[in-house]
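Notes to accompany the following structure.
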Amino acid sequence: MNKTGSYITIISLMIAFFITGFPTIASAEIQTVAEAINKSGRQRMLTQRIVRAYAQIGLKVKRRESEKMLKGAVKLFDEQLEELTAFALTAKLKKRVKKVHQLWPALKKTATGKVNKAGASKLLDTNDDLLKACHQLVLEFQDFSGAKSGRLINIAGRQRMLSQRISKFYMLKEWGLKGAGLTSDSDQAFTEFRGALITLQESELNTKRISLALTGAGEHFDDFQTMLGLTGTGARIKVSEKAELLLTYFNRITGMYQELADNQ
């Protein structure tokens, strides 16, 4: 794909973001282990996206779009959890899925309730437990695949999560929430994003399309870093938009790594 075609694809996905709160993704039965890694990785991202959207509603940042984002993220998490449950065929996978089922209802109840700082604090205190459970499920699917490309799907998918995690912390701090690990966790997420980007860029399995997309994502990540140092209404909108763009890039990149795995 040339640069013009790549740009048009990204713009199309961005339009889908702002209309629906997430790119159009058909909910369907999982067919391959690579797809399971991708979707379980997307669950990991949704744990952060839900809290980010909640905080944006509290801040009145693109409120209508943020409300759609939250509703869409909760709905997608429910749908994909059922798909992953059906595809979890081993005892270890069943155990990991069960843990996600145990933790999800409480977070969902808070996230879909009244939006206030008390709810945001509760989400901040509890959503990392669900994130960890989803991450363990991804790793279990990755181990089950036994392929190098499975690890790349995981890493690229984790970048989606980190884009939402970084912006989540930014929005919570802008809302006035405080916590012992709020800044340090944000800094750690930023460092992990940068390191993983380098890992992906250096992969010998990359196609020209993947390399081009990773270059574009890196450029936007540099812009994102600059925006995170700003505050106020205008900065919040810019951070939100850039987080969406990064998520769009890495959703596409993760899909390309899944295609590599499925075609092996």
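The values are calculated or read from the model by the stated rules, or taken from the named source; none is laboratory data. Values in this document were obtained by computation on a predicted structure and should not be read as measured data. Counting neighbours? That spans all protein chains shown, and the Cβs are built from the backbone with ideal geometry, glycine included.
Quick check on my filter: what residues within the stretch 96-115 are of a type in the set (D, E, K, R) and either in contact (Cβ under 8 Å) with a residue 24 or more places away in the chain or touching a Gly at 6+ places or on another chain (Cβ under 8 Å) (or both)? Full working, then the answer.
Residues of the stretch 96-115 of a type in the set (D, E, K, R): 96, 98-99, 108-109, 114.
Within the stretch 96-115, Arg96, Lys99, Lys108 qualify.
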| What residue, of Lys99, Lys117, is of a type outside the set (Phe, Trp, Tyr) and surrounded by fewer than 15 Cβ atoms within 10 Å (Cβ to Cβ)? | Lys117
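Scan the stretch 176-186 residue by residue and report those that are surrounded by 13 or more Cβ atoms within 10 Å (Cβ to Cβ) and within 15 Å of Leu228 (Cβ to Cβ). Give the steps one after another, and end with the answer.
Pass one, the stretch 176-186, residues surrounded by 13 or more Cβ atoms within 10 Å (Cβ to Cβ): 177, 179, 182, 185-186.
Selection gives Leu182, Asp185, Ser186.
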| said: When you scan the stretch 166-186, do you find a residue that is within 13 Å of the chain's Cα centre (by Cα) and either at pLDDT below 95 or among the β-branched types (Val, Ile, Thr) (or both), even just one? | reply: yes
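Inside the stretch 21-40, can you point out the residues that are at pLDDT below 90 and either surrounded by fewer than 13 Cβ atoms within 10 Å (Cβ to Cβ) or out of contact with any Asp or Glu (no Cβ under 8 Å at 6 or more places or on another chain) (or both)?
Step one: of the stretch 21-40, the residues at pLDDT below 90 are 21-29.
Of everything in the stretch 21-40, those that are at pLDDT below 90 and either surrounded by fewer than 13 Cβ atoms within 10 Å (Cβ to Cβ) or out of contact with any Asp or Glu (no Cβ under 8 Å at 6 or more places or on another chain) (or both) turn out to be Phe22, Pro23, Thr24, Ile25, Ala26, Ser27, Ala28, Glu29.
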| note | Turns out the helices (runs of 4 or more DSSP H) fully within the stretch 116-210 with at least 2 residues that are of a type in the set (Asp, Glu) and within 24 Å of Gly255 (Cα to Cα) are 117-145
| said: Can you find, within the stretch 155-175, the residue that is nearest to Leu59 (Cα to Cα) among those that are surrounded by fewer than 24 Cβ atoms within 10 Å (Cβ to Cβ) and not aromatic (Phe, Trp, Tyr)? | reply: Glu174
| task | Any residue in the stretch 70-95 that's more than 14 Å from Ala111 (Cβ to Cβ): show its pairings with residues that are of a type in the set (S, T, N, Q) and part of a loop (DSSP other than H, G, I, E, B) at Cβ separation under 8 Å, as long as the two are six or more apart or on different chains. | result | Glu79/Ser27; Gln80/Ser27; Glu83/Ser27
| field | Subset of the stretch 229-246 [hydrophobic (A, V, I, L, M, F, W, C) and modelled with pLDDT under 95] | value | Leu230
| Scanning for something of a type in the set (Phe, Trp, Tyr) and in contact (Cβ under 8 Å) with a residue 60 or more places away in the chain, does the stretch 213-223 turn up at least one residue? | no
| message | Could you tell me how many of the residues in the stretch 55-69 are surrounded by fewer than 23 Cβ atoms within 10 Å (Cβ to Cβ) and in a helix (DSSP H, G or I)? | response | 8
| said: Quick test of your reading of the structure: Ser121 fulfils all but one of (1) touching a helix residue (DSSP H, G or I) at 6+ places or on another chain (Cβ under 8 Å); (2) closer than 24 Å to Leu228 by Cβ. Name the failing condition by number. | reply: (1)
| Within the stretch 138-160, can you find the residues that are touching a residue at least 24 places away in the same chain (Cβ under 8 Å) and closer than 21 Å to Lys98 by Cβ? | Val138, Glu140, Phe141, Gln142, Phe144, Ser145, Asn154
| task | Go through the residues of the stretch 204-216 one by one and say whether even a single one is under 30 Å from Ser121 (Cβ atoms) and surrounded by fewer than 22 Cβ atoms within 10 Å (Cβ to Cβ). | result | no
